[in-house]
Amino acid sequence: MSLLEVGDLSVRFGNADPVVKKASFKIDKGETLALVGESGSGKSVTALSILRLLNYPYASHPSGSILFDGEELTAADEETLRDIRGNRAAMIFQEPMTSLNPLHCVERQVSETMIVHKGWGREKARARTLELLELVGLRNAAERLGALPHELSGGERQRVMIAMALANDPDLLIADEPTTALDVTVQAQILHLLKRLQKQFGMAMLFISHDLDVVRRIANRVAVMKDGEIVETGTVGDVLSRPQHPYTKMLLNARPSGEPVPVPDKAEELLRAEGITVRFPLSRDFWGRREKTFAAVDGVSLSVKRGETVAFVGESGSGKTTLAFALLKLLDFEGRVFFGGTDLGTLNGARLRPLRSKMQIVFQDPFSSLNPRLTVEEIVGEGVKVHKKTVSAAERREEIKRVLGEVGLDESALNRYPHEFSGGQRQRIAVARALILRPDLIVLDEPTSSLDVSVQAQIIDLLKALQKKYGLAYLFISHDMRVVKAIADRVYVMRNGKVVESGANPFIFKEAKSSYARDLMAAAFDFDAHGEK
C-alpha cells in the first residue's frame, strides 16, 4: 500500500466551479512525486488539501479521497489532523519570509513543533533544534538561534523552513516551490540537501514546481497539472523525454531561448561608469557620523551602448541591484557616471529631472511596485503627467492604450487594478509604465523572477521585440543564467560587490575563466537528475 493515495479529489471554494477536478495520484515510501504546472493550475490547492489547510468550510471537496497510511483525511476530525500535521506529514511553504513568524526567533519557530507534538522541554528541544539547523547546513547555527527571519538571507530562511519540517522525522514532506526565486547556486544546494535528507530519513516527498529543470533533478515520477486536472503522469524519464500531452510538450518548449538582439555596428556609448563604489554604514558614532562602512559595490567600471543588453549576474548580496540604483543616481556613490555624455554627479534635483524620463526601471516584484490603489491607466500614465505636462488627458489616454497594446494588453485593462492580473500581466504593466516615456535605457531588476517558465519566455520575447523596435539599452539583473543567455549581449559576473569576470555572451557561457563564474554555469546547466554535479 502507498503512503499517500489521492483519488478523484475535487476542490472548490463556495459555490464556484471546482478549481481541482478529480485529481488522482499516489506516493510510495521514500519516493518523490513532482506536481508540475503553471501558476493557477491547482498545484498548491491540491497540496494544502492533503493536510486540510484550506479555509474550511468555505473550501470543500465535492468528490474524492485522501488516504494517508490507510487513514481517510477528508473526514478526519481536528484531533487526528493535529496529530498528523507537522508530525507525520510536514510542509515547506513557498515563501519562507511570509510563512515564518517575523516576531519569533529561529529557535522558537523550529522547536515549537517538538514541544507541541512530543511534549519536550525547552532544553531538549533546543538541542534538537541546533542539531537540525546544522543538519540543513545553516552557517554558524549556534549563533543564529536568536535571529529573526529578516536577519537571514533567502537561502537561510528556506533552510530554517526545512529544519522545521524535519523536526519530528515526518513520513511525508510536501515541498511547495521550495527553490522559487533562489539563486542558482543556493537552489542547487537546497535540492541536494532535500535529496540527502530524504535518503537519510526515508521520507516520501510531494514536490511542487513549475520549473521542469528542477523537477528533472529531484523527482522519481511526475504528474502534470493543467486547469485543475492531471493530464499526464509517469516517470521523470518518460514524461520529460517523451511527453504525450500537448500541454507537457508546451511546458518543455517554453523556456527562454534564442539569441540576444544584435547591437548595431556603429552604436554609440550611452552609459559609462568609472570606479563606482557604494558604501553602507555598519555603525555610527555619538554624532551620527559613520564609524564603519560596508562596500556593497566596490570599484566597478562598465559601459553600455545604445541598443545593447548588459547583464549583471551573481548570487543575492553580490551588489547587482545596488550597482544599478547607483547608475540611475538613486543611491549615493563614489566614482563617476556619464549618461549620454552628461556627468550625473554634477546634477541634482531639477537639473537631473529631465534625464529621469530617459532612464527607467522595472522592479523585481511587480505586485509590490504597482500601487494597488491606482488603476492601470493611472499607473502607466503617471510618468507622462510628471514629465510631459503639456500633453492633454485625451492624448495621454491614447498613448497609454498604444503602449499597453505594445506589451500585449488591450484597453479593457485600463480601469482594472493590479490584483486583478496574473504575475506575467503585472510585469507587462510595469514594462508599459517604463516604456511610455520612450527611454533610452531601462533597468530590468529580476524581471522574470518567480514567473512560470512559459511566462518567462513571453516576457523575454517581448523585451527583445521592444528593444529591436526602439533601440533600447537594457541593464538586466538576474541570477537565472538561462534567461541571461537568451537576452544579454555582454555579462558582468559580480561577487561581494566586485566584478570577477566580464565578457561577451558566448565567451562567458563557453570559456569563463573564474571559478565563481564556472560554478554559476554548472549550477544552472550541468546537474544530473539527482541534483548533484
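The values are calculated or read from the model by the stated rules, or taken from the named source; none is laboratory data. None of these values were measured; they are calculated from a predicted model. So basically every Cβ, Gly included, is an ideal-geometry build from the backbone, and we count neighbours across all protein chains shown. To get the accessible areas, we keep the full protein, side chains included, count just its heavy atoms, and leave off ligands, DNA and RNA. Shrake-Rupley method; radii C 1.70, N 1.55, O 1.52, S 1.80 Å.
To the nearest ten degrees, helix 122-135 and the longest principal axis of the Cα atoms of the chain are 60 degrees apart. The stretch between N15 and F367, if pulled fully straight at 0.36 nm per residue, gains 123.9 nm over its current Cα-Cα span. According to the square roots a ≥ b ≥ c of the eigenvalues of the Cα gyration tensor, what is the shape class of region 375-533, taking rounded for a/c under 1.5, prolate for a/b larger than b/c otherwise, and oblate for the remainder? The shape class here is prolate.
Overall, the anisotropy analysis places region 61-213 in the oblate class: the square-rooted eigenvalues a ≥ b ≥ c of its C-alpha gyration tensor yield a/c not less than 1.5, with a/b not exceeding b/c. Put simply, the amide H of V20, placed in the peptide plane, has neighbours under 5 Å in V11, leaving out anything fewer than 5 places away on its chain.
What part of the accessible area of the chain, given as a whole %, is carbon or sulfur when the probe is 1.4 angstrom?
Of the solvent-accessible surface of the chain, carbon and sulfur hold 48 percent.
Using 0.36 nm per residue and subtracting the Cα-Cα separation, the extra length available between R438 and L330 on full extension is 36.9 nm.
From the coordinates of this entry, percent of Cα pairs over 42 Å apart is computed, and it appears in (1) 12; (2) 25; (3) 21 under the label (2). FRET efficiency for the pair S153 and S392, taken as 1/(1 + (r/R0)^6) with r the Cβ-Cβ distance and R0 = 45 Å, rounds to 0.40.
Between R351 and S241, the distance separating the two model label sites (each 7 Å from Cα on the Cα→Cβ line) works out to 6.5 nm.
Using just its DSSP H runs of length 4 or more, each adding -39500 (n - 2.57), the chain gives a mean residue ellipticity at 222 nm of -11000 deg cm²/dmol after division by all residues.
Going through the cross-link list K358/K513; K388/K485; K124/K292; K22/K199; K266/K485, which pairs have a Cα-Cα distance over 28 Å in this structure?
On the way: K358/K513 35 Å; K388/K485 36 Å; K124/K292 39 Å; K22/K199 31 Å; K266/K485 23 Å.
Correct reply: K358/K513; K388/K485; K124/K292; K22/K199.
Computed on the Cα trace of region 272-414, the radius of gyration divided by the Kirkwood hydrodynamic radius gives Rg/Rh = 1.04. Note on region 20-52 and region 152-211: Cα centroid distance 16 Å, given to the nearest whole angstrom. Loop-located trypsin sites (Lys or Arg not before Pro) across region 338-388 with a Cβ neighbour count of 11 or fewer within 10 Å are R373, with loop assigned by DSSP. Judged by the gyration tensor of its Cα atoms, with axes a ≥ b ≥ c, region 246-317 is oblate; a/c meets the 1.5 cut and b/c is at least as large as a/b. For region 207-311, the set of trypsin sites (Lys or Arg not before Pro) satisfying both a DSSP loop assignment and a count of at most 15 other C-beta atoms within 10 Å is given as K266, R289. Give, as a single signed number, the net charge of other residues whose beta carbon lies under 13 Å from the beta carbon of S209, with Lys and Arg counted +1 and Asp and Glu -1. Net of charged neighbours comes to -3. With both labels modelled 7 Å from their Cα along Cα-to-Cβ, the W287 to C105 distance reads 3.6 nm. Counted residue by residue at 0.36 nm each, then reduced by the alpha carbon distance between them, the extension gain from K118 to T375 reaches 87.4 nm. A Förster radius of 25 Å combined with the Cβ-Cβ distance from A76 to Q200 puts the calculated FRET efficiency at roughly 0.30. The convex hull drawn around the Cα atoms of region 17-127, when projected onto a plane and averaged over every direction, covers 9.0 nm².
Residue-normalised convex hull volume from the C-alpha trace of region 62-144: 145 Å³ per residue.
Summary: within the chain, the longest segment free of GluC sites (Glu not before Pro) located in DSSP loops with at most 12 other C-beta atoms within 10 Å is 1-267. With all protein chains kept in place, the per residue accessible area of the chain amounts to 45 square angstrom at a probe of 1.4 angstrom. Count Lys and Arg as plus one, Asp and Glu as minus one, and take only other residues whose Cβ is under 13 Å from that of L240; the net charge is then +2. When the chymotrypsin sites (Phe, Trp or Tyr not before Pro) in region 247-324 are filtered for DSSP coil states and for at most 15 other beta-carbon atoms within 10 Å of their beta-carbon, the remaining sites are F286, W287.
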